[in-house]
Structures are given as C-alpha cells and as structure tokens.
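**Student:** Quick one: the structure is below, questions incoming.
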Amino acid sequence: MNLLMVMMGTLAASADTASFVAAQPIWPQGREAEVNVYAGFRAIVQAPEKGPVVLRATGATVYRIFVNGAFVGYGPARAGKGFYRVDEIDITGNLKPGANVVAFEVAGYNSNSYYHLDDDSFLQAEVLSDGKVLAATGSAEAPFEAHILTERVQKVQRYSFQRPASEVYDLVPGFDAWRSDPAVKVEAVACAAQPGGGLLPRRVSMPRYDVRQPLMQIAAGGIETGQPVEKPWKDRSLTGIGPKLAGFPENELVRIPSLELQGFRSMPSTMEPLAVDADNTVVFAGNTYASFDFGTNLTGFPGAKITVRKPTRLFFTFDEILLDNDVSFKRMGSVNIVDLKLPEGEYTFEAFEPYTMRYMKLINLEGECTVEAISLREYVNSEAQEAQFSCSDPRMNRIFEAARETYRQNAVDVFTDCPSRERAGWLCDSFFTARVAFDLSGHTRMEHNFIENYLVPARFEHLPEGMLPMCYPCDHPDGVYIPNWALWFVVQLQEYAERSGDRATVDALKPRVMALFDYFKKYKNEDGLIEKLDSWVFVEWSKAAGYVQDVSYPSNMLYAGALEAAGRLYNMPDLLQEAKGVRDTVLRQSFDGKFFVDNAVRKDGKLEI
C-alpha cells in the first residue's frame, strides 16, 4: 500500500492530467466480461455556432472513431493495470451545420494477450464545446446510444497466441450506415455503469493514418479447392485454449478461416506484374485470386470497396514476405486472414485491427465481385520524420530510412518488438528503441508512457513478488517471466533519467526497483552471483539461450549492470560495491583473456565452467 501511495502521489503531482466533465464508463448490460463483444456507440450532436469542439475518450479494449462516417481516430493508448489513457481530438473540422453523428466501434476482447490487458469492457467518451457537454456516455440528457455490432462474428479463433480474436465478418449492405446517417435506426441495448479506472493523459501524439495503395499487382489466377490436407495447421492459439489462454474452444467456433483456407491450391500466375492506379480494380469470379505488392512493409488497416454481384466469400490474406512467390498466411504463427461473407450489394470495408504486410492476396472462394480502391490505412508514429539524415553513400541513406520505418511502426503508443504477431511492449527491446525515439523525435514522452505503465499498477498478478513482467501492458496468467528482462528495465531507467531529467518518475519507481533486487537475493550463491534462476532465463535468440544454467555469466553481467545503474540513480554506494564484486567474479570465473564462457554447472556441490 505504501508503494501505491507513493505512485499515486507522483501522478497527482504531474502537470499533465486527464479527466472527464460528465462521461461515465458504460457497456451493454451484463456483457462487460464476455469474450470478443463488438459494440457500437452513437451520439447525435448539434454543431455549435463556433468551435472548437473536442472529443475525449478512453475505454477497454480498443476503439475506432467516426464523425459523420469519416474515420478520425483509433485508441486508446495503452496503460498499466487499473489505468486508462484519455484521447483528446479536435473534431471541429469534421462537423457540418445541424445534426452530426459521432460514432465509436469498440472491441471488448476480454482475452489475455501480449497486446492488451484482460479488462472488463467499457467506453467513456464525451463531446465538449466551450465547456458545454454536447454528448456523454452515461448522460441522461445527451447520451451515447449503444448497440451490438453483430456483423463481426464473435466465436472465432484468436489471431495469434499473443493477440486476441481474428476478424471474421458477415456483412450486409448498409452495415455501416449508422456511423454517418442520424436517420438510420439501430437496435439499442441498455447499458450499465462500469468501474472504469484511474485516468492518465495520452501524452504521445496521435498516430498518422495515411492511406496507402499497392504499387503493383504481381499475380492473379485460379484456385483449386478440395485439396487433401494431410495434417491441418493448427497454431497453439487454436489448440491451447484453456484456463490460461482466453478464447473459444475449437468445438464452439463459428468459423475457422485458417482451416478453411488449407484445402485449396493457387494456380501459378501467368500475368506480368503491372503498376496499379488509385482504382486498382479487380474482377473476381469464383475460385480466383489476385496478389498485390505495397513496395515495403507497412502496418495498418487493410481495406477496399467491394461490389458483389453473386454472394461472395472474400478473404484478405497478407504477409511481410513471399514464400515460393506466394503469400503464406500462417508463416509467423498468426492467422493473417480477414474473412468476409458478402451477399449482393456494395460495401466499403476496412479491417478493425492493424496488421503488417508488404504483400496482400485477395482470395474469392465463391460468387462474383469487383474489388477496387485496395488500400492500407497506416497506423504509425507521427513524429518519426522530425530527424533528417543524408550522406553521400546511398546505402547509408537506405539503412537510415529502413530504421525510421521500423521505428514508426513499432512506436505508436508504447515501444513494441513487432507491429504484427504480438504488438507487445517488451523490455530489452525497449532499451534500444528508447534511444532511437529520442534521436528521431527529440523527446521522451513515449518512453515516459512505457515506464509509467510499469509504475502505476498496485502489483503484477501471477508473478513472484518483486518481479516485473517481461512485456507490458499485458497479462501473464501462466506465470512465465524473463528475469533478465526485468534487469533491462533498471538499465533503461538510468538512461531515461539522463535523457528526460524526470526525477519524479524515477524516484517513484525506487520501491519497485528495490523490490526487484530483493527478489534476486534468494538466488545469490556463495560467490555473490545469481544462480539457478527460475522461469524463462533468456539471453538472446542464438545458441547462447541453451547455456543459461546453473550460473549464466551473461545474466550476471546484466545483473551487475542493473546494480550499478540503480546505485547511480539512487546514490546507493552499497549497490555500486556489489556490482563491482559481481563483475570481478564473472571476469575471474568465465574469462580466459580471450573468451567468455557462457555458463557454469553445479556438480557435486561445485561449479564447473
């Protein structure tokens, strides 16, 4: 409780705060804990004579926002358990005279993942003009009306072990009209107030949402269905559903796109690659496909305009590379598929979740349709262009731009290890990305958020006392952690202090850092080294990962670095002295003057190198 009080005091003293005037957290009654519920919230707002008009929102799990049918935002930025970051968007330019529709589509996942916390679902939103509340969730006078968006199929397989539900839709023409037309009626449902949580500012800039189109159509042809599948591919996100991985068991799933697409074979393309224009129109008969190249890896929301002449099953599949000149939707242990069932009519569709791709393959298994305006709405950092670099070597220029591209896709609200399969805020990765963030953007606001997320929870469920999650914000109900990664947090914290000058956050984290070192005390051996660490002892993705017991010298090197970092941060000479002792012992035991041995094994009570 003392730690929580210190943290809350720090937050209260912060100059940037977040609050609502009238909005309350709400959700369709009785469904707040249900897995993969997709809900719509709509308010009809009369445009004031003069602006500005501001929209504030937060919620669980994730939402996208429309004003009069136009996309205006996606969020919220992620925060630590029990806290929620508030988006604030000026929507003045999206309004027209008279009645305006402000709409939210909210996915309440209620699934543990590396991408989002498993929280009860809610939306908290309000529209303000000059201090006056024009609409607010939970308001009796100017409410947001809620309904269930049944077009997204609820009982589907997870996208991956690390991310929640995949996207499967049964659409009908006009499915999205409620987002733009006040006259369209919806089947409103009663909502109940939810607990919500503490409010934090978004702090980081809103992302860029530039709409990109493919540069080339690279393949097209027919499909042979009914091919025998000797051993169907079933990722652990499908087979491992149970108490520790939330989702629906296989026998409850309504549609399983990864299995549906394993019994077909694409015929080799006979077309020459051709550049596409803004329309990039493709006419699909049944059992046909077409593949496109965006020119570089991009992250965002794939979409298209679709005209259906005969009921259609259309699949968006995608990947970052080609295997045997084809898109493999399962290469990364992910279900890289968006599945659409479409009766006759016209549709403008855009996926709800961000995905990563260079190549997109559209597959039409049945019916006839025309697909045009194929696109990807980017979901990337908006400040990655602040730094400029140019030199006489074009290879160096390409490397810099590749680094910038990597950063902007992995730094939307927290630092992530990849923008695709996981979208997880991993420690260790963050140590290096945080350096780049300062170089490219010139500030530490995103790093502040990343570190603050580790500060605000009262405790980390399912982990031993003092241990920090290997990636966060997310849940670890299986109890797995990487002790090394917690040490990287301390090393990064020292650099953060130097970059930011933010002593308040650093000082507030001292109890958490000291609790981490208390955790390691029980592993210290007679030489002062940590030995026989539990859970996932990890050095790197190489053979070194196989030599981590009983005494891992790389782990002890990092332990010494963390002790030294904390000693300097908090002016604690005893930690500096301990760091020197660990360093000297590692050198004495593992270094022969040319080579560091990975580990030592305990045999008959003695360590053997």
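The values are calculated or read from the model by the stated rules, or taken from the named source; none is laboratory data. Note that the coordinates shown come from a computational prediction; the quantities given were computed from them, not determined experimentally. Glycine gets a Cβ as well: all are built from the backbone with ideal geometry, and neighbour counts include every protein chain shown. What goes into the accessible areas is simple: the full protein's heavy atoms, side chains included, and nothing from ligands, DNA or RNA. Shrake-Rupley method; radii C 1.70, N 1.55, O 1.52, S 1.80 Å.
Residues checked against (1) in contact (Cβ under 8 Å) with a residue 60 or more places away in the chain; (2) open to solvent by 40 Å² or more (accessible area, probe 1.4 Å); (3) not aliphatic (A, V, I, L, M):
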site: 329; (1), (2), (3): yes, no, yes
site: 347; (1), (2), (3): yes, no, yes
site: 356; (1), (2), (3): yes, no, yes
site: 363; (1), (2), (3): yes, no, no
site: 366; (1), (2), (3): yes, yes, yes
site: 381; (1), (2), (3): yes, no, yes
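**Student:** Also: Take residue 236 and decide whether it is under 21 Å from residue 36 (Cα atoms) and exposed (fewer than 14 other Cβ atoms within 10 Å of the Cβ).
**Tutor:** Here the answer is yes, as residue 236 does meet what is asked.
**Student:** Kindly indicate the residue of region 538-567 that is open to solvent by 10 Å² or more (accessible area, probe 1.4 Å) and among the aliphatic types (A, V, I, L, M) and also farthest from residue 584 (Cα to Cα) among those meeting that condition.
**Tutor:** Looking at the filtered set, the residue picked out is 545.
**Student:** Please state which of the following conditions residue 535 fails to meet, knowing it meets all the rest: (1) in contact with a Phe, Trp or Tyr (Cβ under 7 Å, 6 or more places away or on another chain); (2) open to solvent by less than 40 Å² (accessible area, probe 1.4 Å); (3) assigned to a loop (DSSP other than H, G, I, E, B).
**Tutor:** (2)
**Student:** Name the single residue that is farthest from residue 325 (Cα to Cα) among those in region 252-273 being open to solvent by 80 Å² or more (accessible area, probe 1.4 Å) and modelled with pLDDT of 90 or more.
**Tutor:** Only one residue fits best here, namely 252.
**Student:** Taking the stated definitions as given, is residue 293 assigned to a loop (DSSP other than H, G, I, E, B), of a type in the set (D, E, K, R) and either within 31 Å of the chain's Cα centre (by Cα) or at pLDDT 95 or above (or both)?
**Tutor:** Judged against the criteria, residue 293 is not a match.
**Student:** Restrict the check to region 192-208 and report whether at least one residue is more than 30 Å from residue 136 (Cβ to Cβ), of a type in the set (A, V, I, L, M) and open to solvent by 70 Å² or more (accessible area, probe 1.4 Å).
**Tutor:** no
**Student:** Specify which of the listed residues (438, 431, 389) is open to solvent by 50 Å² or more (accessible area, probe 1.4 Å), in contact (Cβ under 8 Å) with a residue 40 or more places away in the chain and of a type in the set (Phe, Trp, Tyr).
**Tutor:** One residue alone meets the criteria, 438.
**Student:** Do we have any residue at all in region 76-98 that's open to solvent by 10 Å² or more (accessible area, probe 1.4 Å), in a strand (DSSP E or B) and either in contact with a His (Cβ under 9 Å, 6 or more places away or on another chain) or free of Cβ contacts under 8 Å to residues at least 24 places away in the same chain (or both)?
**Tutor:** The answer is no; no qualifying residue exists.
**Student:** While we're looking at this one, here's another question. Can you name the residue in region 472-494 that is under 18 Å from residue 544 (Cβ atoms) and open to solvent by less than 10 Å² (accessible area, probe 1.4 Å) and, of all such residues, is nearest to the chain's Cα centre (by Cα)?
**Tutor:** 482
**Student:** Taking region 135-161 on its own, how many of its residues are over 25 Å from the mean Cα position of the chain (by Cα) and assigned to a strand (DSSP E or B)?
**Tutor:** Residues in region 135-161 being over 25 Å from the mean Cα position of the chain (by Cα) and assigned to a strand (DSSP E or B): 5 in total.
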